[in-house]
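Structure first, commentary second.
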Amino acid sequence: MKISLVLNGKNVEALISDDRLLIDFLRDHGCLSVKRGCESSNCGLCTVFMDDKPVLSCSVLAARADGHRIDTLEGLQKEAEEFGAFIADQGAEQCGFCNPGMVMNAIAMFRENPDPTDDEIREYLAGNLCRCSGYEGQLRGIRAFIEYKKKGGAS
Amino acid sequence: MKNVNQGIHKKDAMALLMGKPVYMDDLAPRDCLIVKVLRSPHANAMIQSVKTDAAMKVPGIAAVYTWEDVPAERFTMAGQTYPEPSPYDRLILDRHVRYVGDPVAIVAGETEDAVDRALKLVKVQYEVLPAILDFRTAKDNEILVHPEDSWRSLCPVGADNKRNLCASDVSGQGDVDAVLAECDVVAEGTYHTLADQQAMMETFRTCCYFDAYGRLNILSSTQIVFHVRRIISNALGIPKSKIRVVKPRIGGGFGAKQTVVSEIFPAFVTWKTGRPSKMIFSRTESQTASTPRHEMEVSVRVGATKDGIIQAIDVYTLSNTGAYGEHGPTTVGLSGHKSIPLYGTPRAYRFAYDVVYTNVMSAGAYRGYGATQGIFAVESAVNQLAEKLHMDPVELRLKNVVRQGDVMPAYYGETAASCTLDQCLMRTAEMIGWKEKFPCRDMGNGKVRSVGIAMAMQGSGISGVDVGSASIKLNEDGYYTLTIGAADMGTGCDTILAQMAAECLDCSTDQITVYGADTDASPYDSGSYASSTTYVTGKAVERACGKLLEKMEDKAAELLRARYAADVSGAELEFDGTRFLDPATGESVTLTDLGTASMCGSQEALQVTETHSSPVSPPPFMAGAVEIELDKETGHVEILDYAAVVDCGTVINPNLARVQTEGGIVQGIGMALYENVQYDKKGHMMNNSFMQYKIPTRLDMGRLQVEFESSYEPTGPFGAKSIGEIVINTPSPAIAHAIANATGLWFKELPITSEKIAMGLLKK
Amino acid sequence: MLKFREYVRAESLEDAYVRNQKKSAHILGGMLWLKMQNRTVQTVIDLSDLGLSGIEETEEEYRIGAMTSLRELELHKGLDAMTGGAVRESLRHIVGVQFRNLATVGGSIFGRFGFSDVLTMFLALDSWVELYHGGLVPMERFAAEGTENDILVRVIVKKEKRRYAYLSHRNTKTDFPVMACAVAVGEGWRSGEGERAAGRAVFGATPARARSYELPAEWLERFQGSGEEERKVLAAELASVVPTGSNIRAGKEFRSHLAGILLYRGLMEALYGGSGQAAGAGAPACLTEEKEGQRA
């Protein structure tokens, strides 16, 4: 079938098999930040935005993205860089494989709630697994980023 | 120091955070054949026949291979230095399948759809055999996991395939039984830990292709490029000269990628078909057909005088290596050799073990590598000893803890040249509020808050075996290239090795670029495992930089002599990181001058390769303490606070060391409380996904506090030891201790689920 | 992995219904569960274009479209206020925000999964399933019977002034529950003949499909009139009739134990906000498992 969508701000038309998953479609279209970590919708590595909402691209049909806006980390490089530097300050990126999904969902959280408490951060990002960092360094980085933004940031 | 002991950004941090394409599947050629394997549904069976014709007819299928198509020479997939202690008990595909998940056929095709369809069409007839699923029954069982005559063990590890023994040994000092008989108090128990999965976020994956020279290139998510080269050569029966192995960024390893799990199948396909191919393990395969921690049952007896001086420690470990022996003979050793030496006082110790084959997934290397299992047992026993002695477990430990300068008989007789374990313990107790909180407080509503504590050690590389190497080269513009064979798997070794180089060369870490690991380009390195990279490879970096500096000084002196007719030798020059100054004349040459000169009419390479191996493996030490809130009705354990203090010698990068520690603690918390590996009666591993195998989320781990009490290790680079593995060792015993302090029940089997706690309390 | 040949966005409910009469057709919800099934179907039918996403509020009820995401449900202020946070509590443990942005109310209810927090919660509400052909069906009946190939259009929750609590026990915070319990107390249940139901308790993840039990007024009065230990005994007795079983997450015995504890805690929370004092006289305890169809 044919789908058309807005991928990272650009109109994309493509022929796909009906049961193609969005994650595979996106990787085929150069969005290699989108990673697969499980087959059971549990890990959060494949998080992308569909009409600005964070979703698991492993669990969305590409067909369902027809007529919608999809954003991946490739389209959010500026925000990723600004926020990511605070995670790098902690060394909490570690192996990095979960980072794109975590960064995407953190950006979603900041847009929804620019000043979350620690508990709100943990709850919002609970669906982003990380096996390396133990999460505490990510939390420190997120906190530092929030403080920086509160002070007006350099954006 | 400007570089060492600084929390410098990891060199690849921003690329990783911004989702750049740096992992194997981001870099694989686009036209790779997709490789998958058909796996045995039986725990023990002989293949009677395999019909592949229908599968071959699926459009897009390039090849289907069975046991009849592969070499008959056995090998091991364990990434270890040759001759490997792990037995040669594998074939690429074997007619005898030994666990649910053992590969039966390899299918390669143009698309994943085609391969999936073909897999369903491979028809296999099995003669199903009885299986050994309980490792307690394996030794001398009439069912043999490896009855074949072609099985062989290269090292004297006490292996005997006709007894299902992968290894067996006894060692010790003094008469343990006699000393224990004299003890006022003896604590004993048998402690059972499961085959936990490393569960790194990036599953096992490899792609292969031929290069312009007709050589098999293997791009793999591995910790051990050089061992992969040898193992592929052994498995395929092809010369090592025909193989190149490269690792890209790795999405986590934790030891899992110290075994050749995914490499063999695409290597075989590409070698046979000439086509690029790739294999990406599904999460299900990573959970069920990989290389998890060795299940162990560790029996401990610890005896002490009534005033709490430990006199003897007796440890017997039964280890389950599963269907194949990868890392079986070596992991078990750490269960005693890296638990008993935590105590300096014993007059006698004994450490015995058996490692047995069973019909479950083969175990392998997982962070902690046997020490984790042994430390859970010994530290739990010591906590029980404290209870029996009515003594504070911190005080008991302070009376007995190994101290700097002590000889450690159970640790191969090595001396603890650097050790602040006593300080780690005291500081940890302080951080958790031990004095106020031990043992517990009733919070009302059936909730109890309690604390628990444990100590740990590990090694720093494998003494006399591990080899670390580094090449360092000066380029034009005066920047350096550091080439290594160690594998950064997210740990940050590329960065910390660069920090060390920068420290030696008096420049900024940014001035050092790092390349590795690549069997063609990197100097030989055993690889990143056994907590070796900082300590072993780091020393090679230090030495290489020292020698390069000498060479640069000589070259600088040569330039000065030529330019200014100065009568100066290299040794007389002063180097500030950017220029070599002749203090006598005030003339100098810059690094840029040097780099440029080395590229014009030069007879001398400004490049040095150094190799290092250490005759000792200095242990890092650590103490960890936990505060929990336990719900006596539901058995739920909430981790409130985890305090840890580590002595890893000089901390090269405090940020990365801290995050290593935090990550290890959280993995350990999962292991202690809910990471559960369950097999059904037919040997199917049931926790085959992240839906069924629960690793901690950020809601499950409480607050972590990490500090360092650095000793100075004289044999380490800048005084450093290791940190990668030790950090997973304290949570299990500390949490079991806290649970005991809350409930009065000692749990000796992991994970300690809320069910076990609640039902235990009901039956109390 | 689910494979299928044809993806269709239904143009109307009638279109979806007609297509769904074929055995080889399947309606898509959030696709989270469906995706993991290792089978091949001919056609999947997407209801995304039918305006079934969103929660409508009327004087008497909340009308929740089948394609409403669990995240929308979780963040809905009206339902949150009406249930004292119980609806949010029943949802917030489900994997993560990204998952709940995809999972749909329709899919969660339609699947009648044993592990379902959503079904457990809805059974404690005065809720109904609106089927395209079958019309309004009480949630209990739908939970028991399901539907072969009708279309779940929306879920309707009646506005009732009751007090609710939702509790679950999990091995990790975002895992499936080992046991879940939703409690509702307050008048107005359309009970069986001669019974005065004053509340309801629902047990989910037993691990079988959630089941609902009436709390007779007399029993509840007795519970309220008792001291802490006696209340726990009463709750345990009541919960002891809940059939439980063993699975990978926990054994039967532990689940039965948890059922009593969660019921006790759920009642305390619903009645007293978690820490109230006993009040009122006691009456003989009894519990009747609600019989199917009684309420319809």
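Structural remarks
- Among residues other than B:P29 with Cβ under 12 Å from its Cβ, the summed charge is -1 (Lys and Arg +1, Asp and Glu -1).
- In order along segment B:465-479, the Karplus-derived 3J(HN,Hα) couplings, from 6.51 cos²θ - 1.76 cosθ + 1.60 at θ = phi - 60°, round to 10, 4, 10, x, 9, 8, 10, 10, 9, 8, 10, 4, 6, x, 9 Hz, and Gly and Pro are given as x.
- Note, ³J(HN,Hα) from phi for segment B:200-213, Karplus 6.51, -1.76, 1.60, rounded to Hz, x at Gly and Pro: 4, 5, 8, 5, 4, 6, 8, 10, 9, 7, 8, 9, 5, 9
- DSSP H segments from chain B that extend 27 Å or more along their own axis, Cα-based, with Kyte-Doolittle mean of -1.0 or above: B:538-564, B:654-673
- Legend: helices of chain C (whole DSSP H runs) are marked when their alpha-carbon atoms reach 24 angstrom or more along the helix axis and their mean Kyte-Doolittle hydropathy is at least 0.0; marked are C:252-272.
- Taking amide H atoms as placed 1.01 Å from N in the peptide plane, the amide H of B:R347 lies under 5 Å from those of B:A312, each 5 or more residues away in sequence or on another chain.
- From helices alone, chain B scores -8000 deg cm²/dmol at 222 nm; the rule is -39500 (n - 2.57) for each run of n ≥ 4 DSSP H residues, then divide by the residue total.
- Distance from the C-alpha centroid of segment C:99-139 to that of segment B:295-345: 53 Å, rounded to the whole angstrom.
- Cut-off 13 Å between beta-carbons: net charge of the residues surrounding C:S116, Lys and Arg +1, Asp and Glu -1: +2
- Cβ-derived FRET efficiency at R0 30 Å, A:K10 paired with A:N113, nearest 0.05: 0.55
- Built amide H within the under 5 Å cut-off of B:V104, gap 5+: B:L38, B:R39, B:S40
- Cross-link table A:K53/A:K149; B:K2/B:K547; B:K139/B:K764, entries beyond 27 Å C-alpha to C-alpha: B:K139/B:K764
- Amide proton proximity set for B:N653, modelled H, under 5 Å, gap of 5+: B:N5
- Sites matching trypsin sites (Lys or Arg not before Pro) across segment B:667-752 that sit in DSSP coil, with at most 15 neighbouring C-beta atoms within 10 Å: B:K681, B:K682
- Summed side-chain charge close to B:L119 - residues other than B:L119 whose Cβ falls under 12 Å, Lys, Arg +1, Asp, Glu -1: +2
- Only aspartates and glutamates eight or more places from B:K306 in sequence, or on another chain, were considered; those with a Cα closer than 19 Å are B:D177, B:E182, B:D184, B:E188, B:D314, B:E379, B:E387, B:D392, B:E395.
- For C:A81 and B:Q705, the FRET efficiency from 1/(1 + (r/R0)^6), where r spans their Cβ atoms and R0 equals 41 Å, is about 0.60.
- Longest stretch of chain C clear of exposed loop sites (trypsin sites (Lys or Arg not before Pro), DSSP loop, at most 10 other Cβ atoms within 10 Å, sites excluded): C:40-160.
- Sorted ascending by nearby beta carbons within 10 Å, beginning with the fewest, B:K10, B:K551 become B:K551, B:K10.
- DSSP finds beta bridges in chain B, and of those with both partners inside it, around 80 percent are antiparallel.
- Computed FRET value (nearest 0.05) for B:Q48 with B:Q173, which takes r as the C-beta separation and R₀ as 56 Å: 0.60
- Three-way shape label, segment A:2-72, alpha-carbon gyration tensor, a/c 1.5: prolate
- Prolate/oblate/rounded call for the protein assembly as shown, Cα gyration tensor, a/c under 1.5 rounded: prolate
- Along segment C:90-104 the Karplus relation, 6.51 cos²θ - 1.76 cosθ + 1.60 evaluated at θ = phi - 60°, assigns HN-Hα couplings of 6, 9, 5, 8, 7, 6, x, 4, 5, 5, 6, 6, 9, 4, 10 Hz to successive residues, with x for each Gly and Pro.
- Relative contact order (%) - segment B:178-334, alpha-carbon pairs under 8 angstrom, separation at least six: 33 percent
- Average beta carbon contacts from partner chains per residue of A:41-51, 10 Å cutoff: 5
- By definition, a body whose alpha carbon gyration tensor gives a ≥ b ≥ c is rounded when a/c is under 1.5, and segment A:72-155 falls into this rounded group.
- Whole-Å distance, taken between Cα centres, linking segment A:49-83 and segment B:4-58: 24 Å
- Ignoring aspartates and glutamates fewer than eight residues from B:K278 along the same chain, the ones with Cα atoms less than 13 angstrom from its Cα are B:D25, B:D26, B:D31, B:E110, B:E112, B:E263.
Rule-based calculations on the coordinates, nothing more; no lab input. Because the structure is predicted, anything quoted here is derived from the model rather than measured. Note that we place each Cβ from the backbone using ideal geometry, even for glycine, and neighbour counts take in every protein chain shown.
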